[in-house]
Amino acid sequence: MKYSFVGYGSLLSHKSLQETIPNKKFKPVIVKGYKREFNLEDNKEKKDFLNLVKNKKSYFNGVMFEVDDKELIRLKKREDFYNLEQTSAYDFKNKKKLGKCFVVIDNFVSLDHKGELPNKTYFIMCREAAYHISKDFGKLWDKTTFTSNGEKIEDWIKKSKDYDTMKR
């Protein structure tokens, strides 16, 4: 069986995805009804990783790719903190509905976590991958991604120059 899966953090990076599943082609998409936040805390580092929070007014951009049963199992193993949730994806450019897809979400961690900085290495990898897809895709990533305190990355990055590796 084939499944559509949307990556929105490290899975935006071909190199990162290649470590789990080789040779996947991406399609840039929009997913509605979720807010992308750095609110999943790594207990060892006390730094945040990306997660989704259900929010009817929000949306985010990601990349959709197809996986089979074995690849889905590998992704679930990689994303072991998260649960699979089915939603719909829309074409990044023309906004037309493409169909059902899976995203990963941790519904519990965001309830009581606020205030850590994003994990710097992870943040830079995700953001650079977004801008590698296209400048418009990267700008939308900045606009639809938030710190755990609710600040848009497009605003936060202006004060966090050591996280900004992009020449815009």
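Hey, can you tell me all the residues within the range 23-82 that are polar (S, T, N, Q) and closer than 14 Å to Asn107 by Cα? Asn39, Asn51, Asn55, listed by residue number.
Kindly evaluate Val63 against the criterion of being modelled with pLDDT of 95 or more and either in contact with an Asp or Glu (Cβ under 8 Å, 6 or more places away or on another chain) or farther than 22 Å from Leu117 by Cβ (or both). Walk me through how you get there before you give the answer.
Values: modelled with pLDDT of 95 or more: yes; either in contact with an Asp or Glu (Cβ under 8 Å, 6 or more places away or on another chain) or farther than 22 Å from Leu117 by Cβ (or both): yes.
It is true that Val63 is modelled with pLDDT of 95 or more and either in contact with an Asp or Glu (Cβ under 8 Å, 6 or more places away or on another chain) or farther than 22 Å from Leu117 by Cβ (or both).
Here is a list: Asn51, Asn61, Asn23. Which entry is of a type in the set (S, T, N, Q) and exposed (fewer than 15 other Cβ atoms within 10 Å of the Cβ)? Break it down stepwise before answering.
Details: Asn51 fails: exposed (fewer than 15 other Cβ atoms within 10 Å of the Cβ); Asn61 fails: exposed (fewer than 15 other Cβ atoms within 10 Å of the Cβ).
Result of the check over Asn51, Asn61, Asn23: Asn23.
Of everything in the range 76-95 that is crowded, with 18+ Cβ neighbours inside 10 Å and within 14 Å of the chain's Cα centre (by Cα), the residue that is modelled with the highest pLDDT is Ala89.
Conditions tested, residue by residue: (1) acidic (Asp, Glu); (2) under 16 Å from Gln86 (Cβ atoms).
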residue: Ser16; (1), (2): no, no
residue: Thr20; (1), (2): no, no
residue: Asn23; (1), (2): no, no
residue: Val29; (1), (2): no, yes
residue: Asp69; (1), (2): yes, yes
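Of everything in the range 121-137, what is buried (at least 23 other Cβ atoms within 10 Å of the Cβ) and farther than 14 Å from Phe49 by Cβ? Give them in sequence order. Answer for the range 121-137, where residues must be buried (at least 23 other Cβ atoms within 10 Å of the Cβ) and farther than 14 Å from Phe49 by Cβ: Ala129, Ala130. Residue pairs whose Cβ atoms lie under 6 Å apart, separated by 6 or more positions or on different chains, with the first residue in the range 15-34 and in contact (Cβ under 8 Å) with a residue 60 or more places away in the chain and under 20 Å from Lys100 (Cβ atoms) and the second among the β-branched types (Val, Ile, Thr) and part of a helix (DSSP H, G or I), are Pro28/Ile133. With respect to Lys35, determine if the residue is at pLDDT 95 or above, basic (Lys, Arg) and within 17 Å of Leu140 (Cα to Cα). So Lys35 passes the test. Residue count for the range 51-98, restricted to those that are in a helix (DSSP H, G or I) and either under 14 Å from Gly33 (Cα atoms) or in contact with a strand residue (DSSP E or B) (Cβ under 6 Å, 6 or more places away or on another chain) (or both): 1.
The values are calculated or read from the model by the stated rules, or taken from the named source; none is laboratory data. These figures come from a predicted structure and were not determined experimentally. Cβ: placed from backbone, ideal geometry, glycine included. Neighbour counts: every protein chain shown.
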